[in-house]
Amino acid sequence: MRLMAVMAHPDDAEIWCGGTLMMHADRGDDVRICTLSYTEDSQRGLEGKESARKMGCQVEFLGMQDAGIRDTEEAVDRVWRCIESFQPDTIITHWHDDMHPDHEATFCLVRRALLQCFLNETFTEIQSVPRIFCCDSLSSMGLHGPFKPDRYVDVTDSWDKKMAAINIHQSQPLRIFLEMIDKQCRSHGRASGKKRAEGFLYLPLFGLTDNGPPLGG
């Protein structure tokens with residue numbers, strides 16, 4: 001599998017799908033994090049680079065403004081080039097109903113970038129268009145209601161590594177997130193019969209079905 005996480009901020013991948021990314025990296029899959037905000041030499045970028053290294057993931061920063069990510073033609077082109085350069089078969093990104101404007105904009109950019117990839121024949125067959133999975137959100141709530149995943153990845157065994165990766169982001173108020181993440185992943189764990197799990201929602205863009213390798217499998 002070639003798995004890409006397209007996220008708004010340097011700590012988002014670790015918070016919402018870090019256990020899943022590490023599982024795939026550990027089994028030898030190619031995993032890349034595309035972070036829309038900050039540059040690699042900023043404080044948050046340096047934290048993101050170190051965290052990605054510990055998770056076994058590649059990372060790329062697009063340098064957009066924190067709290068200023070917008071669905072513009074220029075931004076779509078940059079995300080498109082990021083996707084094209086890696087050619088993922090699976091993408092994890094933010095939920096389309098996420099209340100954070102940067103997260104919502106990131107989803108919109110991914111969706112439009114994939115359409116641009118398809119129209120420009122970057123992917124020669126429609127079956128090659130990446131599968132899209134949306135990750136959870138703050139307190140599992142969106143603008144129109146709760147996040148309801150239809151895929152779960154058991155992260156019980158990778159939990160300590162996930163927490164270590166999150167704790168690299170010392171510039172952030174981690175205490176706000178850590179208890180929430182634990183509660184959230186325990187809830188997904190109960191729903192899937194595991195101790196802790198990350199939840200995802202499959203999004204069938206272009207009418208595609210999820211017939212690829214299982215996420216986290």
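The values are calculated or read from the model by the stated rules, or taken from the named source; none is laboratory data. Not measured: the values here are computed from a predicted model. FYI the Cβ positions are ideal-geometry reconstructions off the backbone, even for glycines, and counts take in every protein chain you see. Each accessible area value is taken on the protein alone, full model and side chains, heavy atoms only, with ligands, DNA and RNA left out. Shrake-Rupley method; radii C 1.70, N 1.55, O 1.52, S 1.80 Å.
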Which residues, taken from the stretch 10-36, are touching a helix residue (DSSP H, G or I) at 6+ places or on another chain (Cβ under 7 Å) and small (G, A, S)? A13, G18, G19, A25
Any chance T90 is open to solvent by less than 20 Å² (accessible area, probe 1.4 Å), touching a helix residue (DSSP H, G or I) at 6+ places or on another chain (Cβ under 8 Å) and of a type outside the set (A, V, I, L, M, F, W, C): no
Output for the stretch 192-216, where each listed residue is open to solvent by less than 50 Å² (accessible area, probe 1.4 Å) and either in contact with an Asp or Glu (Cβ under 8 Å, 6 or more places away or on another chain) or without any contact (Cβ under 8 Å) to a residue 40 or more places away in the chain (or both): S192, R196, A197, E198, G199, F200, L201, Y202, G212, G216
Members of the stretch 138-188 found to be farther than 19 Å from G216 by Cα, part of a helix (DSSP H, G or I) and open to solvent by 80 Å² or more (accessible area, probe 1.4 Å), listed by number: L138, R175, I176, E179, K183
Determine, yes or no, whether G189 is among the small types (G, A, S), in contact (Cβ under 8 Å) with a residue 40 or more places away in the chain and either in contact with a Gly (Cβ under 8 Å, 6 or more places away or on another chain) or under 19 Å from L21 (Cα atoms) (or both). no
Do you know which residues across the stretch 142-165 are among the basic types (K, R) and closer than 25 Å to M55 by Cβ? R151, K161, K162
Sort out which residues of the stretch 41-58 are over 10 Å from A165 (Cβ atoms), without any contact (Cβ under 8 Å) to a residue 60 or more places away in the chain and out of contact with any Asp or Glu (no Cβ under 8 Å at 6 or more places or on another chain), and write them in order of number. D41, S42, G45
